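**Q** The following block contains the structure, expressed as C-alpha cells.
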Amino acid sequence: MSGYLLEVQDLQIHYPVRPEGVMGQKRVLKAVDGVSFHMEKGDIFGIVGESGCGKTTTGKAIVKLVTPTGGRIFYQGRDIFEHTTKKEELAYRRKLQIIFQDPFSSLDPRFTVGRTIGEPLAIHQAGSKAERTERVYELMDEVGLKREHFTRFPHEFSGGQRQRIGIARALALQPELIVCDEPVSALDVSIQAQILNLMKDLQEKFALTYVFISHNLSVVKHICNRIGVMYLGNFVETAPSGEIFSHPLHPYTCGLLQAIPVPDPEIRSLTAGIEGDVPSPISPPPGCVFHTRCKYCTERCREERPLLREAAPGHLVACHHPRES
C-alpha cells in the first residue's frame, strides 16, 4: 500500500463516436489517455492545458462522476472503483468534493443559500436539523457571506458570491480533497484574486488537498506547489511549480509560458506562442502528439511516442528533445 493520499495510475477515459457513413468504422475519442500522478496530504496539484485536453474529465473521474475505460485511481491505498457497499460509497464521497467552473449553473436556482450549503449535510444525515443550520452559518462566515444571505437565491448574488456559496457547499462535510475545476475562470479579474486567496486560506486552515484545474498558468503559479501540463489527454511535463516557470523543458510548456500576457504595453514578447490547432482526439497523430505544432520536430518525433521520464529530481517530461525556454 502506498503512502499517497491520491494516486492515479494510467488513467484512460475513451468515448465511442458514431461512425461516419453506413459502412464507417467504429471510432473512439480518447479524452484521457494514460494519465498518472500522485498526491500527498496538503498538496495543491495544478493541471493546466488548452481547452479539450482532458483536464476536467480527469477531475470528474477522481470524484467518480465518470467511469474510466482503463487505469486505476487509489484513495488512501484503495481502488475507488472496486466493488463497494453503499456505506463505503457515501464515506468516500464525504472525503472528496468538487467546486465547479460556472458558479451559476452549478447552483439550483430554486434552492436558497441555506438549503444549497446544507444539502450535503442532509443527504449524509449529519447531525440534527438545528445542528445542520448552525453548521451552514459557520460555513457562510468562513467564506465571507453574511448571515442574512441564508434565505436568498442564487440569482440575487454576483459571480464571486455565488462561487463562495459553491466553496461553502464543498466544505460542508469536512472533506480531505477537493477537485477545483477552473473555479475562477468565469469570474472578473478583480474577483479572481479574492477567491484564490480565500481558497488558499481555507486550504491552510483545514489542511485540505486540492486538485486545481485551470488553463491559466498565472493562476496556478499563485496557488499550486506542483503542476502537470496536459496535452491531448496526457501529461507532457510535471514538476514543482517553481521549476515549471524557471526551467520549462517541453516545447508545449514553453509556448504556454510565452503566451502569458505581460501587463506592460511597452513590453512585447520576442517569441511567439504555439502555432496551429490541437489535433482531433479521435484521430491523434502518430509518434509525439505535439509534433504537428512543434518547431523542433524531427523524424523520430513523427514516428516514436516519447514516454514521461525524469529529467531532474521531481521533474518529468515527455519529449525526445527537451529544452529550456
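The values are calculated or read from the model by the stated rules, or taken from the named source; none is laboratory data. As the structure is a computational prediction, the values presented were derived from the model and not from experiment. Neighbour counts run over all protein chains shown; Cβ positions are idealised from the backbone, glycine included. The area values use the complete protein model at the heavy-atom level, side chains included, leaving out ligands, DNA and RNA. Shrake-Rupley method; radii C 1.70, N 1.55, O 1.52, S 1.80 Å.
**Q** For the chain, what proportion of DSSP beta bridges, expressed in % and rounded to the nearest 5, is antiparallel? Kindly include the intermediate steps, with their values, before the conclusion.
**A** On the way: 28 of 46 bridges.
Here the antiparallel bridges make up roughly 60 percent for the chain.
**Q** I've got another one for you. Tell me which of Thr58, Val143, Thr85 sits at the most positive position along the dipole axis of the range 1-155, charges placed on C-beta atoms (Lys, Arg +1; Asp, Glu -1).
**A** Checked the options; the winner is Thr85.
**Q** Follow-up question, since we're still on this one. Using a probe radius of 1.4 Å on heavy atoms only, what accessible surface per residue do you get for the range 1-105? Whole Å² is fine. Provide the component values of the computation, followed by the final result.
**A** On the way: 5850 Å² over 105 residues.
Roughly 56 Å² per residue, with all protein chains present.
**Q** Quick check: residue separation of Glu303 and Thr151 times 0.36 nm, minus the Cα distance between them. What number comes out in nm?
**A** Details: separation 152, 0.36 × 152 = 54.72 nm, distance 6.07 nm.
Extra length available between Glu303 and Thr151 comes to 48.6 nm.
**Q** Taking only DSSP H segments of four or more residues, each worth -39500 (n - 2.57), what value at 222 nm results for the chain once the sum is divided by all its residues, to the nearest 500 deg cm²/dmol? Could the numbers behind the result be given before it?
**A** Details: 10 runs with 101 residues, N = 325.
Using -39500 (n - 2.57) per qualifying helix, the result is -9000 deg cm²/dmol.
**Q** Once both axes come from the Cα atoms, what is the angle between helix 86-95 and the longest principal axis of the chain, in degrees from 0 to 90, rounded to 10?
**A** Long axis of 86-95 versus the principal axis of the chain: about 80 degrees.
**Q** While we're here: Note the angle between two axes, namely the Cα long axis of helix 189-206 and the longest principal axis of the Cα atoms of the chain, as a number of degrees from 0 to 90, rounded to the nearest 10.
**A** Tilt relative to the chain: about 70 degrees.
**Q** If one puts a single equal scatterer on every Cα of the range 179-268 and applies the Debye formula without solvent, what log₁₀ I(q)/I(0) results at q = 0.11, 0.13, 0.24 Å⁻¹?
**A** Scattering profile of the range 179-268, log10 relative to I(0): -0.35, -0.48, -1.34.
**Q** Scan around Phe235 for amide H atoms under 5 Å from its own, H built in the peptide plane at 1.01 Å from N, and keep only partners 5 or more places away or cross-chain.
**A** The answer is Ser36.
**Q** Over the chain, what percent of the accessible surface lies on carbon and sulfur atoms, probe 1.4 Å? Intermediate values should be presented prior to the final figure.
**A** On the way: 8510 of 16700 Å².
Here carbon and sulfur together make up 51 percent of the probe-accessible area.
**Q** Taking the Cα centre of the chain as origin and charging only Cβ (+1 Lys, Arg; -1 Asp, Glu), how large is the dipole, in debye to the nearest 20? Provide the component values of the computation, followed by the final result.
**A** Working: 38 positive and 38 negative charges, 164 e Å.
In debye, rounded to 20, the chain gives about 780.
**Q** Here is a further query. For the range 1-131, what percent of Cα pairs sit more than 27 Å apart? Walk me through the numbers on the way to the answer.
**A** Details: 3057 of 8515 pairs.
I get 36 percent for the Cα pairs in the range 1-131 exceeding 27 Å.
**Q** Something else: Beyond 37 Å, what share of the Cα-Cα pairs of the chain remains, rounded to the nearest whole percent? Could you put the intermediate results ahead of the total?
**A** Details: 11496 of 52650 pairs.
Result for the distance tail: 22 percent.
**Q** Extending each Cα 7 Å along its Cβ direction at Val28 and Val262, get the distance between those two points in nm, one decimal.
**A** 4.5 nm
**Q** Under a Cβ-only charge scheme (Lys and Arg +1, Asp and Glu -1), can you give me the dipole magnitude of the range 187-306 about the Cα centre, in debye to the nearest 20?
**A** Working: 10 positive and 12 negative charges, 38 e Å.
That gives the range 187-306 a dipole magnitude of about 180 debye.
**Q** Under 26 Å between alpha carbons, and skipping anything fewer than 8 positions from Lys200 in its own chain: which lysines qualify?
**A** Filter leaves Lys41, Lys55, Lys60, Lys64, Lys95, Lys146, Lys221.
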